[in-house]
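Engineer: I am attaching a structure below and will ask some questions about it afterwards.
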Amino acid sequence: MKLTIYTMSQCPKCPVAKEICSVVAKEQDIECSEVRMDEDDNRYDAYSLQIVSAPSIVINDDVVFRGVVPSREELLNEINKRK
């Protein structure tokens, strides 16, 4: 399982969302990575039609959150749906 968070440098929500993803990924022993949409254009293109705002969180290939900071429980719920 892979967790990816898409962020932007000027996004006020992104640091909190990134921290939640990092903590949950560590607890669940899953891979977590960050794509900075304003810096990593080539990696962003794969999801450009699905990701319209930051932060966006992708689990495996599913965009599960767009433009919101999920709670720890909400993120865990989405991860557990995919196990």
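Engineer: Regarding Lys18, is this residue out of contact with any Cys (no Cβ under 7 Å at 6 or more places or on another chain), loosely packed, with under 12 Cβ neighbours inside 10 Å and at pLDDT 95 or above?
Structural biologist: no
Engineer: Among the residues of region 48-55, is any part of a strand (DSSP E or B), modelled with pLDDT under 95, of a type outside the set (Phe, Trp, Tyr) and within 10 Å of the chain's Cα centre (by Cα)?
Structural biologist: no
The values are calculated or read from the model by the stated rules, or taken from the named source; none is laboratory data. None of these values were measured; they are calculated from a predicted model. Heads up, the Cβs are rebuilt from the backbone with ideal geometry, glycines too, and the neighbour counts pull from every protein chain shown.
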